[in-house]
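Here is the structure we will look at.
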Amino acid sequence: MSFQSEIDASIPPLDEPVAGFAAVGDPATDRPRSRPSQRVNVVTANNRVWPRVARMWRERDLLAQMVGREMKVRYKNSVLGFAWSMLNPTLQLVVYVLVFQGIMGNGIPDFAIFLLCGLVVWNFFTSAVAGATGAIVGNGDLIKKVSFSREILAVAAIGSSSIFFLIQSGILIAALVLFGFSPQWHYLPLLVPAIIALALFTAALAIFLSAANVYLRDTQHLLEVVLMAWFWATPIVYSYNGFVVPKLPVKVDKNGHLISTSFLVKYHLTWLPMKEIYLANPITPIVLTFQRALWGNKRAKASSGSASKIHAVAGAWQLPLFGPMWYFDLLLGVIGISTILLFAAIKVFGRLEGNFAEEF
Amino acid sequence: MAPALEVTDVSKHFKLYQEKYTSLKERVIHGMRAPYDEFWALRDINMEVSQGETVGLLGHNGSGKSTLLKCVNGILQPTKGKIVSRGQIAALLELGAGFHGELSGRDNIYMNAALLGLNRKDIDRRFEEIVAFAELEQFIDTQVKFYSSGMAARLGFAVAINVDPEILLVDEVLAVGDESFQRKCLDKMKQFQKEGRTIILVTHSPDTVRQFCSKAYVLNHGVVIAEGNPGECVRAFRESLHAAHEQLPEPESSDPVDLENGEIASEVTGALQPGTVSSGVAEAVGDTDSSQPTNSAQVVEVAEEVASELPDPPPDPSAKSKTSVNGDIKIKKVVVEYPQCETRPYLLPGEPLSVRVEFTARRAVSDAFFGITMYSGDGEIIFGSGTDVLEVEVGTLEGDGEAVFAFESIPLLDGWYSITLEIRGTDTGTVYDWKEEVEHFEVMNPGKQVGSVAIPLTIKIEGVR
């Protein structure tokens, strides 16, 4: 006996919808289906890097929305708006100038500009990494309820930081023009690889730390400590050639004795490849490039000719006295390593992401 | 056309920690591993949903249906297996997820739509429609923190529904909002169905599945126990609820019910339907009945003890349980039979039913009458009658005998009904034997009517040109 015939025998079939739903779907309001998209979503435990990157790219509008949201929420209720965001870096700049030039007298010419070149890079890096580290944990609600490319939360933190980077760069450029600096033309193109290196390295670290912080929630606090040490390991408030190189045991007199006052000599650490260790900090080549290209020399003015020339030489002496290729090679190294790190970070993120929604 | 959704061997595994170490400090102190229990929320789920189909996911709390929906949506990643979906997905899992109180309704629409995968141009185009649907024209530039929860839910639904999804995932969100808004949501879903979009609906409500869905899946403890026809699935769902209620040990692994062929895997039937009509199990019940009381009989006894201990038992219909069972006549065995269908463990509306009662009288009893009462799943009396009501002559009973209650037709739509039997003396005082909810039968409604009574209906409309 077939199923259908039994039904028919017992009760009349109701092909039409029941009365309550009969009025539904008025053809006048029916919207034709727009684009039957060929979009295919695959959800598996198997996460590869390229599909993740492709998805991030597809959802770039969301990234823009998130950066916009961040800006709006942060400055919605303040009259001065973005001006507030400049207060902290301004005070930082004033304090460093007073302490390192005014009190300690480090002898770096145009120290405020020198500082700003380094701080623009450093402030971007530190705010992006710190922001991204808390990004996933801070948006737990979203993670639990909505499906989207989670990396975007970390990248959005970089996005908001780059807006401040642009503003601070604007201030730096204004200051350079105001104080009559001309860029070092053959070093200036190096800013492009420098910014690429900075973006890649920051992204790698941001994506990795945002995921790590979900499982180890004190990563955030640990990071603050590490960033503080990192800041002093980077030639921002001191210059590389003026303060770092003299401490390196590189010179030998004709008797074979080291000519250096370095603590390395004192503690028998001369075997350490200190220069390489120091330059292994990926932020250092980026900061050096910014300093070299922007601060490197002040244009000699026709009116006060020779004095300015000396001034310019004094400035350049503070930086590694190498041609653009030395900087370029270092930057290329940072770009290479950062690219590998970024891949690894996305891979690790993909591994950890599967369980994000269970962690809140 | 390729299916809209393919779920292949999906399993989801959770670790349940007693105490989870979420910081490096704790990990260092306690060692790297915290003790945890394994929990499989989903096991080897396979699903295929064609484009334009509306599929219901039924299951009790904790059956894994929401986990499955979250996996389909991509919020959770399955531990094993693969989910492939074709087309833009929008999920109505949590309305207004990601709303930011500090931002205006306008900004939140953009944010939320972007979260659902829309680009800015598309949002611009649909903005007015979203606002109109949410009925929030005058509040759209107000910060969302000043919205009522109903307003926020409306906005959330309006955004989700207007992202023009090809696959819509719905998880019991229709419970929010006032009646007119709920109605609007249902209308919109009906419209989606007409437009040939795919809908996957997670619900507790069998009626919703019956009305909306062309196909259903029933989940129980992370396993699909039934799939196919919504009516069949509603029945399987009800059975899983009963099984959970009676706290039977769950089957380690059970084959899904293959409804296409009208066969039901025997383990499932055995586990989910204790004392059911399928002959083997019924025999087992009969055997235990002669040597020792059945579970229901034990329940009756316990109820009696409790009742006698209580100083003032509340006056309720079961007050007669105070009167002890006399035992002169004993009900040995009760068998529910579906005369029109031997193979199915349930009735279709309007099919006949017969209840066969075997009894034995240890002495000659001449004043006995037989009564039968049917209760719905909620415990309401559906029907009650007996030899006294029908004025059937019982005569003198002695030794073994059999009474057959033959129902010509059971005009019920859908449900799980229990049967209580009694043999009493006409002098109302003696209860020879009384078995509460000793057996049950089930009716499965293959149609889309709602309610509990199968009332034959034809509709004729006149004046149509």
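Only the coordinates and a few stated rules stand behind these numbers; no lab work does. Just so it is clear, the model here is predicted, and its values are computed rather than measured. Cβ: placed from backbone, ideal geometry, glycine included. Neighbour counts: every protein chain shown.
A compact table of results
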{"quantity": "Placed amide H near B:Trp40: partners under 5 Å, 5+ positions off or other chain", "calculated": "B:Phe14"}
{"quantity": "For B:Glu26, net neighbour charge (Lys/Arg +1, Asp/Glu -1) across residues whose Cβ lies under 10 Å away", "calculated": "+2"}
{"quantity": "The stretch A:83-97 - phi-based ³J(HN,Hα) in whole Hz, Karplus 6.51/-1.76/1.60, Gly and Pro as x", "calculated": "4, 4, 5, 8, 4, 5, x, 5, 4, 4, 4, 4, 5, 5, 4"}
{"quantity": "Under the Karplus curve 6.51 cos²θ - 1.76 cosθ + 1.60, θ = phi - 60°, whole-Hz ³J(HN,Hα) for the stretch B:204-217, x wherever Gly or Pro sits", "calculated": "9, 8, x, 5, 4, 4, 4, 6, 8, 9, 8, 7, 9, 10"}
{"quantity": "Three-way shape call for the stretch B:1-157 based on the alpha-carbon gyration tensor, with the a/c threshold at 1.5", "calculated": "oblate"}
{"quantity": "Amide hydrogen neighbours beyond the local backbone of B:Asn220, cut-off 5 Å, H modeled", "calculated": "B:Ile225"}
{"quantity": "Whole-Hz couplings from phi, Karplus 6.51/-1.76/1.60, listed for the stretch A:166-180; x for Gly and Pro", "calculated": "5, 4, 5, 5, x, 4, 4, 5, 4, 5, 4, 5, 4, 9, x"}
{"quantity": "Cα gyration tensor shape for the stretch A:48-358, rounded if a/c is under 1.5, else prolate or oblate", "calculated": "prolate"}
{"quantity": "Across B:Lys70/B:Lys190; A:Lys72/B:Lys80; B:Lys121/B:Lys194; A:Lys145/B:Lys448; A:Lys145/B:Lys80; A:Lys144/B:Lys448, pairs whose alpha-carbon gap is larger than 31 Å", "calculated": "A:Lys72/B:Lys80; A:Lys145/B:Lys448; A:Lys144/B:Lys448"}
